[in-house]
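Asker: Sharing a structure with you now.
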Amino acid sequence: MDNKIKTIGVLTSGGDAPGMNAAVRAVTRTAISQGICVKAIYRGYQGLIDGEIKEFTTQDVSGIIQRGGTILKSARCMEFQTPEGRKKAYKTIQKEHIDALVVIGGDGTFTGGRLFAQEYDVPVIGLPGTIDNDLWGTDATIGYDTSLSTITDCIDKLRDTATSHERVFLVEIMGRNAGFLTLNAAIAGGCEAAIIPERKSVPEQIEDAIGNGRRKTKNSSIVLVQEHAVEGGAATVAKMIEKAHPEYSTRVTVLGHLQRGGSPSAYDRILASRMGVAAIYALLDGQRNVMVGIQNDDIVLVPLSKAIHQKKDVKEDAWQALLTLSI
Ligand code: F6P
């Protein structure tokens, strides 16, 4: 055991995700149980630069496991992307006697954390907190499961009006550059198609979705469109469909930030708790610059560089399942 770690800093950064609070709680309580002082850093890396820090007790994380969002607030910090910004952040680290950082967020959070760790030799442990599920080396990210359920609920509601009016609904789904949310919500919602960046061209996917063969047996469709699969998102796809099939009546729904809100699911609370505990034991074990992931229900440690740079693809069987079941 490496006893040099006496104080850790914990922050949430990037897009908030349901379950981040459960992760903050787990990190805080595990650290304190091991005699480590916890400094909560507000507003992500911006708070590290500005010194917005409060020492946490176990009570500070009471009653938060069920809350969405993040009690630490979050931000996307441009200044931390500059060497000057990171230098200021290091000054705070020295002033606050922080020996290691636990950063909860996604790709941008890990990219910044990794750079900082390389420049200033501060151990960084990442917890994957993002609805996008786009980090390599982990089957799931904190917030993904909750977001999938939220989206599925919305699809169920849209189905009622889509069938009543015999319309084609184009529903725009978040995910940054990844189609996990879109594809799996499409399966869960019994959708006619998902248009995702990982698979064949958009016009082909649209034809698959509402080709004449299908329209003979269905009078309405719900097609999920990943926000960046096509320039202009779901609105562009709606225009393409109306041009090719003027007889179809289309409507566009952009779910937007609804997808990030709400109380975390049991799965996300458990995932965040297990990962938060593992982060502290990893630090005590001398680990640095790794992400805590989950693979086949086992906690694993993955180098931050791999989590960020290796491409995680959607599952081919899931894609095939959607195609097969949407006829
Ligand atoms: O990474 C989470 C995410 O919600 C993405 O799915 C989306 O592209 C992005 O954040 C939106 O960011 P913002 O909240 O800054 O508009």
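The values are calculated or read from the model by the stated rules, or taken from the named source; none is laboratory data. Keep in mind it's a predicted model, so treat the numbers as computed, not measured. Here the Cβ is made from the backbone with ideal geometry for all residues, glycine too, and neighbour counts use every protein chain on show. Just the protein is used for accessible areas: all its heavy atoms, side chains included, with ligands, DNA and RNA removed. Shrake-Rupley method; radii C 1.70, N 1.55, O 1.52, S 1.80 Å.
Asker: From the list Thr12, Thr58, Thr7, which one is surrounded by fewer than 16 Cβ atoms within 10 Å (Cβ to Cβ) and at negative phi?
Answerer: On the way: Thr12 fails: surrounded by fewer than 16 Cβ atoms within 10 Å (Cβ to Cβ); Thr7 fails: surrounded by fewer than 16 Cβ atoms within 10 Å (Cβ to Cβ).
Testing whether each residue is surrounded by fewer than 16 Cβ atoms within 10 Å (Cβ to Cβ) and at negative phi leaves just Thr58.
Asker: Would you check which residues across the range 284-327 are in a loop (DSSP other than H, G, I, E, B), open to solvent by 40 Å² or more (accessible area, probe 1.4 Å) and closer than 30 Å to Lys218 by Cα and list them?
Answerer: The answer is Lys315, Ile327.
Asker: Somewhere in the range 189-204, is a residue of a type outside the set (A, V, I, L, M), away from the ligand (no atom under 16 Å from the Cβ), part of a helix (DSSP H, G or I) and farther than 29 Å from Asp298 by Cβ? Working first, answer last.
Answerer: Of the range 189-204, the ones of a type outside the set (A, V, I, L, M) are 189-192, 197-201, 203-204.
Among the residues that remain, those that are also away from the ligand (no atom under 16 Å from the Cβ) are: 189-192, 199-201, 203-204.
Keeping just the survivors that are part of a helix (DSSP H, G or I) gives 203-204.
Subsequent filtering for residues that are farther than 29 Å from Asp298 by Cβ retains 203-204.
Yes: the range 189-204 contains one or more residues that are of a type outside the set (A, V, I, L, M), away from the ligand (no atom under 16 Å from the Cβ), part of a helix (DSSP H, G or I) and farther than 29 Å from Asp298 by Cβ.
Asker: Taking the criterion of being hydrophobic (A, V, I, L, M, F, W, C), in contact with a His (Cβ under 8 Å, 6 or more places away or on another chain) and at pLDDT 95 or above, would at least one residue in the range 83-99 satisfy it? Write out each step before concluding.
Answerer: So the first thing to find is which residues in the range 83-99 are hydrophobic (A, V, I, L, M, F, W, C), and the list is 89, 93, 98.
Imposing the further condition that a residue be in contact with a His (Cβ under 8 Å, 6 or more places away or on another chain) reduces the set to none.
There is no residue in the range 83-99 that is hydrophobic (A, V, I, L, M, F, W, C), in contact with a His (Cβ under 8 Å, 6 or more places away or on another chain) and at pLDDT 95 or above.
Asker: Checking the condition of a type in the set (A, V, I, L, M, F, W, C), under 19 Å from Val122 (Cα atoms) and surrounded by 18 or more Cβ atoms within 10 Å (Cβ to Cβ), which residue from Ala17, Ala26, Ala31, Ala22 passes? Step through it out loud before you land on a result.
Answerer: Numbers: Ala17 fails: under 19 Å from Val122 (Cα atoms); Ala26 fails: under 19 Å from Val122 (Cα atoms); Ala22 fails: under 19 Å from Val122 (Cα atoms).
One residue alone meets the criteria, Ala31.
Asker: Which residue, of Gly68, Gly44, Gly112, Gly106, is modelled with pLDDT of 95 or more and at positive phi?
Answerer: Details: Gly68 fails: at positive phi; Gly112 fails: at positive phi; Gly106 fails: at positive phi.
After applying the criteria, what remains is Gly44.
Asker: Quick one: how many residues across the range 249-269 are open to solvent by less than 40 Å² (accessible area, probe 1.4 Å), under 30 Å from Asn219 (Cβ atoms) and assigned to a loop (DSSP other than H, G, I, E, B)?
Answerer: Just the residues of the range 249-269 that are open to solvent by less than 40 Å² (accessible area, probe 1.4 Å), to begin with: 250, 253, 255-256, 259, 261, 264-265, 268.
If we keep only those that are under 30 Å from Asn219 (Cβ atoms) as well, we get 250, 253, 255-256, 259.
Subset that is assigned to a loop (DSSP other than H, G, I, E, B): 255.
Result for the range 249-269: 1.
Asker: Quick check, is Gly233 crowded, with 16+ Cβ neighbours inside 10 Å, closer than 30 Å to Val27 by Cα, of a type in the set (Gly, Ala, Ser) and within 16 Å of the ligand (Cβ to nearest atom)?
Answerer: On the way: crowded, with 16+ Cβ neighbours inside 10 Å: yes; closer than 30 Å to Val27 by Cα: no; of a type in the set (Gly, Ala, Ser): yes; within 16 Å of the ligand (Cβ to nearest atom): yes.
The answer is no for Gly233.
Asker: So which strands (runs of 3 or more DSSP E) are wholly in the range 98-181 and hold at least 3 residues that are open to solvent by less than 30 Å² (accessible area, probe 1.4 Å) and closer than 26 Å to Lys311 by Cβ? Show your work before the answer.
Answerer: Numbers: elements: 100-105, 124-128, 168-173.
Where strands (runs of 3 or more DSSP E) fall fully within the range 98-181 and carry at least 3 residues being open to solvent by less than 30 Å² (accessible area, probe 1.4 Å) and closer than 26 Å to Lys311 by Cβ, they are 100-105, 124-128.
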